[in-house]
Every structure is written in C-alpha cells, then in structure tokens.
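Engineer: Sharing a structure with you now.
Rule-based calculations on the coordinates, nothing more; no lab input. As the structure is a prediction and not an experimental result, all values here were calculated from the model. Note: ideal-geometry Cβ built from the backbone for every residue, glycine included; neighbour counts use all protein chains shown.
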2 protein chains.
Amino acid sequence: MQGRRRKFWGWGWEDEGPSEAQCAKIAALLAARFNLGKIDVHHPPRLDELDLRPPRPPIPSSLATLCSTEAYDRAGHTYGKSFRDVVRAYHRDFSNPPDIVAFPRKESDVMALLDWCTDHRVGAIPYGGGSSVVGGVEPPAGDRHAGSVSIDLSHLGRVLEVDRVSRAARIEAGALGPALEEQLRPHGYTLRHFPQSFEFSSLGGWIATRSGGHFASLYTHIDDFVESLRVITPSGTIESRRLPGSGAGPSPDRLFIGSEGILGIITEAWMRLQDRPTFRNSTSVTFASFFDAANAVRAISQAGLYPSNCRLLDPGEALTSGAGNGSESVLLLAFESADHSLDAWMARALECCRDRGGNVPEGAGRTRTDSGGARDGAAGAWRQSFLGAPYLRDALVGMGMITETFETAITWERFEEFHRAVMAAAEEAVQRICGQGSVTCRFTHVYPDGPAPYYSVIAPSRHGSQIEQWTEIKSAVSETLLAHGGTITHHHAVGRDHRPWYDRQRPPGFAEALAAAKRTLDPGGILNPGVLIDG
Amino acid sequence: MQGRRRKFWGWGWEDEGPSEAQCAKIAALLAARFNLGKIDVHHPPRLDELDLRPPRPPIPSSLATLCSTEAYDRAGHTYGKSFRDVVRAYHRDFSNPPDIVAFPRKESDVMALLDWCTDHRVGAIPYGGGSSVVGGVEPPAGDRHAGSVSIDLSHLGRVLEVDRVSRAARIEAGALGPALEEQLRPHGYTLRHFPQSFEFSSLGGWIATRSGGHFASLYTHIDDFVESLRVITPSGTIESRRLPGSGAGPSPDRLFIGSEGILGIITEAWMRLQDRPTFRNSTSVTFASFFDAANAVRAISQAGLYPSNCRLLDPGEALTSGAGNGSESVLLLAFESADHSLDAWMARALECCRDRGGNVPEGAGRTRTDSGGARDGAAGAWRQSFLGAPYLRDALVGMGMITETFETAITWERFEEFHRAVMAAAEEAVQRICGQGSVTCRFTHVYPDGPAPYYSVIAPSRHGSQIEQWTEIKSAVSETLLAHGGTITHHHAVGRDHRPWYDRQRPPGFAEALAAAKRTLDPGGILNPGVLIDG
C-alpha cells in the first residue's frame, strides 16, 4: 500500500472530503436549518476497531498470489456506498465481510476463481469501483454458501486498443473513470460517461448496472456505447462480435448489460467513443412554475435537438446546489459538439423555454469554443456540487442525517400526478418518521416520452434509529414510485436493496427466463447470489 | 373474400405489379443486358394447380371458428417472400404447407391456440404480414411435430390508445404498415418506420425481427421505438411496464425484440411516435470515388447530425434506381423535422461532403416546408424504385433471374477491405455460377462506428437450376460476410435461412442461455421450431 489510499468505510480517498473545521460549519448550518441542538459528529471507524470474522474457506495455493485476507481489503469490500452501508460502517458493523478479496491480473485468473468458487460453493461477488448504492457488491447473508470472495477487477484497468477510424476502444472492465479517460485523452477521445460515481466506478460496473452518464438525452445509459462484450461465466467465455448495428436475434450484449454480475464477469468491452467536444453552448433558464419548466423540457426532448445537459432543478434543489435562489425552478441547458457550432440548436431550445414562461438570460445562446464554456455560472456551480456530493453525504451521515435519493422514470402524461404523489409521499414520510426534513427534485435525463426525475431527501434522524427510520422512508417512497407507474431505478441498479419493488415491476415470466439463463451459465449458483433474482 | 386479395404465391396485391406488356419490355431489356436469347416468362401458379397435403391434426371444435384449411389460406401461409420462396411457388412446390391457418381475434384466442399446440405437439408459427425473406414463417420440415398452425394476427390490427402528451400509442401487433399509419394520422403522428416491406409487414413482425426502418441514422431499428410489450407465451403472458427509460436489470423487452417468434407471440406494444415532419431538407451529392463518399458518410455519422436519409449508392446502384448516370456514386442526404428548420444541419453535412470531394448541387441545403420536399429529384426517383422493388423482383424471378440481397454491418476501420472482399466474392460467385451478373452496393443505415452496407445481386440462371445456383451464391457471399467480421443480417432477421452463419456468429454461451429461456417459456418446444435455435 503506497500513496493515496481509499477509505475502507465510505466514499473516496482517505485524505479527501470536508475537513474537521468544515464539518463543524456544516453541523452548525444543519442545526440552524432543522432547529436542532448541538449535533454530535460521529467519527468514522478505524481498522483496529474492527474484529472481522476469520476467513472461512481456505485459499488454494494456486490462487494464493491473487488473494488477500487483509482486514483493510476485507472491510473495504464488505459494502458498497449506500446510505445504509455508511451507517453500518459508522456503527463498526462489519459482521459479514467477504472471506477473501481476490485481485485477478488476467482473464484466466477470473476463470480459475470462478472454477474454485463453483467447486466449493463459494459466492463470487464481482467488484469494480465498489460504488453500488443498492447492495450490489455485498456478500450474501445466510449459509447457502461456504463463504464469499469479492473479485476486484482493479488490476484489469487498461485501454487495450483504440480504433481511430470507427472511434472505438477495447477497454478492460476494471478501468475506473479517471484512468479510463486519461488513457483515451492522448487519442483525442472520451467515453464521455460521467456518472456521479465517476471517480470510483468502473467500466464493467457501469455496463453491469446500466449506469447513467453525462448525456441528459439520447445516449443516456452506458448501453448505447457498448459495441461488444467479453464475459467470463462459470460455463465459459462469451464474446460478442464488434458491430455498429445488428438484427441477428435478440442482442447478446443486452442480456449482460444490466445483469449485475449474476450471469458472468465482464472483463472487456469495445466501447464507442466521442471526440472531445470543442463547441459548447450552455445557459440556465429560470421558471416561476416547475410544471411549466417540465413542459419546456418536454418540448425540447420531443424536438429532436438532443441537448447534452437538460437538468431541471426544482426551487429547493436549485438553492442547495447554488444554482438558484430557492424561489424559482432552474433549467440547466447545454449543447456540446466536437464538430459544429450549436447556435441553431440552442436558439430553438430557448424558444421552447420562452414559449412556456422561461426567463432566458440576455445574451444566452452563443456557442463558445474556449474551455470555459462549460464551467461558468449556474452550470459550473452545479458541477462542483455534483462531484463533491458523495464526500459531503458521508459527513452528513456521521452527523445523524438521513440522506437518500430516489431516481426513476415516468412517461410525460403521468408525470404531474406522479410527481405530486412522490413528493407528497416523501414529505409525509419524512414528517411522520423524522418530524421534519426536505425533499427536492431534479431531472437527470429526459426522453421524448418522459423524464427521469431524481428525488433527494434529507432529514435529521433519531440517534440509534438511523437505519430503521431510513428503511421506513425508503419503503414508503419506493411503494409510491411503483404504484404510480415508475421504475424502481433509472440508473442506480437493483442489487439486493431494490428487490422488493423490482420483483413486482419485472414481469414474472421474464424473471423465470432470466433464472433459466442463469442456471445455464452459472449452474453452481455462485455469482452474486441474491442480486436481481433468487438462487 | 371480398375486395382486393393478396397473391398467395408472391408479393402484394393480385391486381398489382408489372403488367404483361411491362414484363415483355423488362424481359427484352434483360435479354439485351445479359446478351441472352429470348427469355421465357414463367406464369405464376394458380390455386387449382396445387394439390395440398390434407391437413393432419383435427381442429378442435372450440377453435374451429378461428381456423381455416382453405387452400388459398394454406398456400398463402406456406412461405415468406424470399427469392427461394417465390421460385418454389413458380415451381408449384407447396409440399409443406401449414395444416391450419388460424386467425385469432383476441388475446385469449392466441392463448387457446398455444395451449392446443402444446397439448398436441403442433408447431405454432406466428404470422404477421408474411414478408420474411429468411424462412421465418415457414412450417418446420420433418416429423418432430404432429402438424403446424400458422397463427395469422391480421385481425389484431387496431391502434388501441394514443397518448398525445408522451407521444406514444398502444398498438396491436397484427397492424400492417399502411393501416397503422392511417390510424395514427388523425392524431398528427407517425411511427415513421418504413421498411421496404412496409405495405405487407406488421408491427409484431417488425419487433420480432428487429426490422430496420425509415431513419438512416440514430433510430435505425424498431427496437428504439418500443416503450413496452405484451407477449403471450405458452407459460403465460408477459407485459413490461411503460417507461421512457429504465436501468432495472437486463431489459425484458430486449429479450423479445428479435426473438422471431420462438419465445412467444407479441400481441401489443406501446410504441414511441414521431410528429409528422413539416420541415424537409434533402439533396443528392455525387462523388467520383465510392470510398471518398463513404468517408463523407463517416464524417456525417460521427458529427452528431443524425440525417433521416444518408443512403450512399454505388454507381451501379445509382444507375439502376434512376438516381445517377452509372459513373458516379450518389449520396441521398436528407434531414427532416416537425419542429425546426434544418439549414444548419444540412450546411454542416454538405461541408463534410465537399471536404471529401463531393459535388454538391448549386442551391442545395434549403429547408422546405411544402409537401414536395421529400419527393423531388434523385431522392424521389429512389423512393419510387424502392417501393416498387418487391413486385419487380417477383417478375424477374419468373424470367429466370437470380436476385438476392445481402445486408450487413461492419465497423468503419474494416469497411474498405470488407467491401472489396464482399464485392469480389459476389462477383466471383456470380461469374462462376451464372457466367455473368451484376453486384451493386448501397448503405441503408449508418452509425458513428460503421455503415450497414446492402449488396444486391442479379444474374441470369440456368433453367431448372435457379435454387441450386442461388444457394451457391448465397453461401459464398454469406461466408465472406462472416469471415470478414460482418453480421449475417442487419435487419432481415435470421429465420431458418441464415442459421448456418448465425450459429457461428452468435456466441455459443448466449445460444445456450437463449435455449434455456425458450425451454422455460415454451416447454413444449412448439413456437417457430428451427428458427434462431434448434429444438
């Protein structure tokens, strides 16, 4: 272990996040905002405070060089990064760590690990950046397995080939966002997939969870950038053909995209790339009415303009992120291109805004070719707040706050009723369970047939009841999402935590087909047990 | 049977297609072109010439009102519309007709039919418009089944609901193109999916085969317009949730999109619609070099402009379709919108053409809002030739010609070598097998990472050896497509005819997963046996 090290208990680098002084300031703000007394700031766990269960299955000598049973590794692979994960870490609850953390260095290592897991009934948990917020990288509870291995792909992080003609690259699945982009930069390319977890999530994880990225419209999920895949399953290796498009049967790739590690371990993918944008046209438009703003977004999304950013923030969200004053909704609108000026695109989008009561700033709509184009004004403030959020979230959890997000999608014709119902359910739950709290909404992605709204909840919890109170809120809002026709997840995946709702959302016949596919590819039932489906 | 009736033996309406006089003229042109003597024009079969095998399984009385054993129905459902199908029809070979043609009127009829088929080991062949060119609607040969029923969905052809806010409609799967568009028109919408088979292909067929439609870029396959599906399987009904986007596990819809009737019968879909375009900007650009033209297309497809038409015709293709003089390649380029003028889009696309040696007509690039915008000049000539082609093809088959198309997709960096190899293989095969013939190429769809080239072959055959000679050509070119990294089909599907190559293209592990899904949903193995996978 040299250089910077990641926290084993929460988000990011050990040496990053709000300082003690900043935390004190935040605590004071929270105390004032929620009219609380002094806020106790809990201390994150130290490794020497943990008493991890001894590893169960013995590591075979042939795999020993790949495997670690170090406390730092095991504790760091016990959880993802959900609210519940961080609370458990603050509580020093590491009662179900993986027995072993394996770091394969090549595909044959992955195969050998899966063979060993199959032979010894050991659960195998694919691990990319560990940023799951849905219990997707957690060892299974119970004793159906003889133990569990977290298979960490961080050593498979190279860009192996770049095809400059087709604009594609063959990339190992363990590449985390920054390293991946760094390797593409000299070629003038970018994958341009920036989920909030970007710094600590991997290509394979993005594909396995249908991650949502930079583009607010058109190419919303990672799915669209996958040209072909290599997947190691306990039954063998599956490699699809590099094709720009095909109609030969159901897409093989689409079976594995979103499979969350239950069918195999993605080791490589050919990914479609973007030229690095040089033209940027961005602005922010304010609206007195949130629903008028939503209608403007609908008009833009149905106009065939494909903005790269079309994030509508409700007044509370705009205030929190520094993009607004709390009285108006703010639409962050941007177009980007490596090829052409975007004046015509933005001009028409701004017309859509003006037609629906949007207040367009004077001088908006000019395409810039300097690098500051994307970093000014409300958009820049939003970006900073976006990237720092996971560090801040961990600090808030340590101050006893409940912070959770609900992200979903719904068709436009149901949106108003849906939004009122979700806001009401979340506000009611927060009031009932915590006595107070705030609920805000933004759109992360938009489609011609509907938006992807993202709800953020923050509320003070009772000491010692943080998880129970969170569970009640999570459940109340999730029920509402489902009952009103939304999806339980637009881009955070299902994991174990969304199962109660996913199981009802997903057509039962499809669940059976998926289970049959899993039994064929993973006859020992070792891969990420309990995620997506039973068994 | 009242009104217009469809040919039971070939494409389209009985009263449409080239007249006898036109056929004589075409025959004379062919004779001159290929330096043949007098061409025998074969006569299509008459129903009274056929001696169909008596139906085998007895129809249960509960299903009798849905079922026909009329010769017209059985002969009309014996084949799709491939070259081989039409030759067999000309030869009066209807040796393996379906025993029964069923016309369900509601979903419960479909369920009852599948139950009966499962109970009696009868093959069930979903039938939409019958336009398959890959043996996708043909009863299985052999005696593994006690008979076969062609399940014709033509009575399930209604648009059931239109959602004007989200721009979507719930449509029954049996709706053929024209009736579907007619029902959407009063609402101001269009599905805007126009495969060449448009007049005689159905929504369910498009979805089951991943049909390719109007848009040359971006929304190329029907896949992108599917918001949700209803599918009747022998194990039950599967209905996905209407969502504009989702990341909840592998997409249930994507398992059925492209499943070619082996997993269930699609009965309904919520489809994303388009506003009817009112702005059109189209032109044609000529290039002295086909590869320069291809590079211009690559630049356009990587620029994020998303033309609705970007069909590159090689010199021979341009000549045949009346869009060029045979010495140059012609790029048919168009942008369409219901929302905005497209001058900026076209201006940039034309720059991409000029930069690569394209000869742009003077005055090109102006957006029109009159209805003639799409119907003038080379684009208009192309459209007429496109829609009339299937009728003409049948006439050519009757004149002893071999006509076949090979459609595929390949990434850009391999395109030149791929194209040379496919052209060489096709020309060599045509020379060797027929002594002469022509091979031409166009792009039907284009992607940022590669084109979808479409090769057309026409050659005179030896009398009586039409199918054998076709088989040799088909096989030689298909081998080359596969060996050089292409897909065996970009949008014509797999059926039975593409199996030899699809089976090698598709990853084996995926085949096993798909077979496992099929065994779960169709435990009796009755649905379209032999299509896509064995058993």
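Engineer: Across peptide A:337-346, how many C-beta atoms of other chains are within 10 Å of each residue C-beta, on average?
Structural biologist: Values: counts 4, 3, 9, 10, 2, 2, 1, 8, 4, 0.
Average per residue, whole number: 4.
Engineer: Considering all projection directions equally, how large on average is the shadow of the alpha-carbon convex hull of chain A, in square nanometres? The partial results should precede the final answer.
Structural biologist: Working: hull surface 96.6 nm².
In nm², the orientation-averaged hull projection of chain A is 24.2.
Engineer: Taking θ as phi - 60°, what are the ³J(HN,Hα) couplings along the range B:265-274 by the Karplus curve (6.51, -1.76, 1.60), each to the nearest whole Hz, with x for Gly and Pro?
Structural biologist: In residue order, the calculated couplings are 10, 5, 10, 8, 8, 7, 10, 6, 10, 10 Hz.
Engineer: Sticking with this structure for a sec: B:ASP343 to B:LEU160: extension gain in nm, 0.36 nm per residue of separation minus the Cα-Cα distance?
Structural biologist: Working it through step by step, the gained length comes to 62.1 nm.
Engineer: Provide the FRET efficiency to the nearest 0.05 for the B:THR65-A:PHE386 pair, computing r from the beta carbons and using R0 = 45 Å.
Structural biologist: So the FRET efficiency works out to roughly 0.15.
Engineer: Within 10 Å of each Cβ in peptide A:270-278, how many partner chain Cβ atoms are there on average? Round it to a whole number, please.
Structural biologist: 2
Engineer: What number, in nm² with one decimal, is the all-direction average of the projected area of the convex hull of the alpha-carbon atoms of the range A:42-276?
Structural biologist: The directionally averaged projection comes out at 13.9 nm².
Engineer: State, in angstrom, two size descriptors of the range B:461-535 derived from its alpha carbons: Rg to one decimal place and Dmax to the nearest whole number.
Structural biologist: 15.0, 47
Engineer: Here's another thing I want to ask about it. Going by how many other beta carbons lie within 10 Å of each one, how would you line up B:GLU317, B:GLU199, fewest first?
Structural biologist: Result, fewest neighbours first: B:GLU199, B:GLU317.
Engineer: I've got another one for you. I need B:LEU153, B:LEU160, B:LEU176 ordered by Cβ neighbour count within 10 Å, fewest first.
Structural biologist: B:LEU160, B:LEU176, B:LEU153
Engineer: List, in the order given, every pair from B:LYS106/B:LYS518; B:LYS7/B:LYS518; A:LYS81/A:LYS474; A:LYS106/A:LYS518 whose Cα-Cα distance in the structure shown is over 26 Å.
Structural biologist: Too far apart for the 26 Å limit: B:LYS7/B:LYS518.
Engineer: Return A:ARG185, A:ARG210 ranked ascending by Cβ neighbour count within 10 Å, so the fewest neighbours appear first.
Structural biologist: Values: A:ARG185 11, A:ARG210 28.
Result, fewest neighbours first: A:ARG185, A:ARG210.
Engineer: Right, something else. Which semi-axis lengths, in whole Å and largest first, follow from the square roots of five times the eigenvalues of the Cα gyration tensor of the protein assembly as shown? Spell out each step's value before the answer.
Structural biologist: Values: eigenvalues 521, 222, 152 Å².
In descending order, the three semi-axes are 51, 33, 28 Å.
Engineer: Between B:ASP534 and B:LEU29, what is the label-point separation in nm under the 7 Å Cα-to-beta-carbon projection?
Structural biologist: 4.6 nm
Engineer: With the cut-off at 1.5 for a/c, could you classify the range B:278-493 from its C-alpha gyration tensor as rounded, prolate or oblate?
Structural biologist: prolate
Engineer: In terms of modelled amide H atoms, which long-range or inter-chain residues lie less than 5 Å from the amide H of A:LEU312?
Structural biologist: For A:LEU312, whose amide H was placed from the backbone, the distant partners under 5 Å are A:LEU332, A:PHE443.
Engineer: Taking 51 Å as R0, compute the FRET efficiency from the Cβ-Cβ separation of B:ARG56 and A:HIS120 and round it to 0.05.
Structural biologist: Approximately 0.45, to the nearest 0.05.
Engineer: HN-Hα J couplings of the range B:122-138 from phi, Karplus 6.51/-1.76/1.60, θ = phi - 60°, integer Hz, Gly and Pro as x?
Structural biologist: 3J(HN,Hα) across the range B:122-138, in whole Hz: 9, x, 10, 10, x, 9, x, x, x, 8, 3, 10, 10, x, x, 10, 8.
Engineer: Which part of the range B:453-489 falls in the paramagnetic zone of B:GLN436, meaning amide N under 16 Å from the point 7 Å along Cα-to-beta-carbon?
Structural biologist: Of the residues in the range B:453-489, B:458-463 have backbone N under 16 Å from the label point off B:GLN436.
Engineer: Report, in debye and to the nearest 20, how large the dipole of chain B comes out about its Cα centre when Lys and Arg carry +1 and Asp and Glu carry -1 on their Cβ.
Structural biologist: On the way: 55 positive and 63 negative charges, 55 e Å.
Dipole about the Cα centre, nearest 20: 260 debye.
Engineer: Please report, in debye to the nearest 20, how large the charge dipole of the protein assembly as shown is about its Cα centre when each Lys and Arg carries +1 at its beta carbon and each Asp and Glu carries -1 there.
Structural biologist: It works out to roughly 340 debye.
Engineer: Before rounding to the nearest 500, sum -39500 (n - 2.57) across all DSSP H runs of length at least 4 in chain A and divide by the residue total; then give [θ] at 222 nm in deg cm²/dmol.
Structural biologist: It comes out at -10000 deg cm²/dmol, rounded to the nearest 500.
Engineer: Just how many % of Cα pairs in the range B:1-159 lie over 28 Å apart, if you round to the nearest whole percent?
Structural biologist: Every Cα pair in the range B:1-159 considered, those over 28 Å come to 28 percent.
Engineer: Place a +1 charge on the Cβ of each Lys and Arg in the range A:4-120 and a -1 charge on the Cβ of each Asp and Glu, then give the dipole magnitude about the Cα centre in debye, rounded to the nearest 20. Don't jump to the answer; show the numbers that get you there.
Structural biologist: Working: 17 positive and 17 negative charges, 100 e Å.
Dipole about the Cα centre, nearest 20: 480 debye.
Engineer: Okay, moving on. Where does the charge balance sit around B:PHE279 when Lys and Arg score +1, Asp and Glu -1, over other residues with C-beta under 13 Å from its C-beta?
Structural biologist: Local charge sum for B:PHE279: 0.
Engineer: May I pose another question? How high is the FRET efficiency from A:SER475 to B:VAL41, r the C-beta distance, R0 56 Å, rounded to 0.05?
Structural biologist: E(calc), rounded to 0.05, equals 0.15.
Engineer: Taking each residue of B:234-240 in turn, how many C-beta atoms of other protein chains fall within 10 Å of its C-beta, and what is the average?
Structural biologist: Whole-number average of other-chain Cβ neighbours for B:234-240 is 4.
Engineer: Right, another one. Tell me which of A:TRP345, A:GLY388, A:PHE443 sits at the most positive position along the dipole axis of the range A:279-483, charges placed on C-beta atoms (Lys, Arg +1; Asp, Glu -1).
Structural biologist: A:GLY388
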